[in-house]
Every structure is written in structure tokens, then in C-alpha cells.
Amino acid sequence: MPNLITPHRPSILSISYPDDGNLRARKVISRSKARPTGKYPSWKMGRMMHWESSHELNAYRLLDSNPEVVSFHEQPLTIRYLLGGEEHLHYPDVLVNFGGTRELWEIKTARDAADPGVVARTSLMQSQLPDFGFVYRVVIGEDLARNPRLSNVLKLLKYGRQPVSLVERESLVRILGA
């Protein structure tokens, strides 16, 4: 007796990746957007990453400077799911690859994350996406903007491209006692 998807049982129906040649499952930047969008020059990814909120931009900065992160991709896939008897599409904001772990991040403000619809979707995603090889995480935008972490990351990103001479490197080794 197979357990098929019932019409009102919350479930993930499918996960689809962008068509060949496309980097994103949906377009982020367009001229008609009422809110700011932009491009972030990622060191790690070697390309411009499209963002649609300052929180996503901060996430990219933090991911770019985190040595545990192997790669990250914006709007990486589409999840078709059933919730409340209705079919929905979900486009997670970021796919983060930590080597052995793949996380799908949805970046929300604390207020938006508390919305009952988002809470229900998050519960579904967290319970069923591990079967597809993903961890699902709602990342709070205000947490991404906290200092001193963000200001330290901005300094790393600003000065991190400067080559370090052998003399400077030796001075740092002596200062740090390594």
C-alpha cells in the first residue's frame, strides 16, 4: 500500500534547477523593480551575484569571506510544494555549499519570518528537504547586519585583495607568535 501524496497533506512536489545556460531560477534584477536591487562582485564565485535586498547583499559579503563556504548561488532552484491544499512555488534566496552540506537559505526580516505563511512553509521545507539532500534555513536579515562582524567582513573585503609582501608577512608571523 503505497503512501501517495494526498490533496491536503503538505509536501514537496518537485525541485527544478534553471534551464541550461541560466544561473538563476528567476530573474532578480529588472528595471521595473520598486525596491533597490544590484550586483555584488563575488571573489569566491568569480562573477557578479544579483541581490534584491540589503540583507541578501550582506549575506553574500559574509559568505564570500567565510572560509568554510565552498560556493554559493543566488535564486538557485524552484521548489513546487503543496500547502493548505494549494500548490505553491518557492525560490530560496541562496544555495550555500559547505563542502559536505548544502543549505538553502531564505533571507527574511524578523517580522517577515514570523508571518504564519512563512512559518508554515519553513516547517514543511525543514522537514522534507533533507530527503532531497538540503538543509533549509531562514536567516534573519537583521542578524546579517550586526556589528562588529559585518564591519570586520567589509574591511576584509576591502583590504583582502592587497598583496602582502614577504616583509609584512614575516612581521605578522612574529606579532602573532606563530
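Stretching Ser16 away from Tyr159 to a fully extended chain increases their span by 47.6 nm, per 0.36 nm per residue minus the current alpha-carbon distance.
Among the protein heavy atoms of the chain, carbon and sulfur supply 55% of the accessible surface, probe 1.4 Å, non-protein parts ignored. If you run the Gaussian network model on the chain, springs between alpha carbon atoms under 10 Å, then out of Asp112, Asp131, Asp93 the most flexible one is Asp131. Between Val69 and Arg174, the FRET efficiency from the beta-carbon distance, with R0 = 30 Å, is close to 0.50. Taking a ≥ b ≥ c as the square roots of the eigenvalues of the Cα gyration tensor, the chain is prolate, since a/c reaches 1.5 or more and a/b is larger than b/c.
Report the gain in length on full extension from Arg9 to Phe98: 0.36 nm times residue separation, minus Cα-Cα distance, nm rounded to one decimal. Full-extension gain reported as 28.9 nm. Remark: accessible surface ordering of Phe98, Phe132 (largest first) is Phe132, Phe98, probe radius 1.4 Å. Accessible surface calculations at 1.4 Å, restricted to protein heavy atoms, place the chain at 62 Å² per residue. When the trypsin sites (Lys or Arg not before Pro) in the stretch 103-178 are filtered for DSSP coil states and for at most 10 other beta-carbon atoms within 10 Å of their beta-carbon, the remaining sites are Arg161.
Note on the chain: dipole from Cβ charges, positive end direction compared against Leu83, Gly99, Pro148; the farthest Cα belongs to Pro148.
Full extension of the chain between Thr109 and Met48 yields a length gain of 19.6 nm, computed as 0.36 nm times the residue separation minus the alpha carbon distance. Taking Ser71, Ser165, Ser151 as the candidate residues, the one with maximal mean-square fluctuation in a Gaussian network model of the chain, Cα springs under 10 Å, is Ser165.
Between Glu142 and Val118, take the C-beta separation as r, use R0 = 22 Å, and let me know the FRET efficiency to the nearest 0.05. Result of the calculation: an efficiency of 0.90. Number of Lys-Lys pairs in the chain with C-alpha atoms under 21 Å apart and a separation of 8 or more places or on different chains: 8.
The values are calculated or read from the model by the stated rules, or taken from the named source; none is laboratory data. Small disclaimer: the values here were computed from a predicted structure and weren't measured. Counting neighbours? That spans all protein chains shown, and the Cβs are built from the backbone with ideal geometry, glycine included. Heads up: the accessible areas ignore ligands, DNA and RNA and are worked out on the full protein's heavy atoms, side chains in. Shrake-Rupley method; radii C 1.70, N 1.55, O 1.52, S 1.80 Å.
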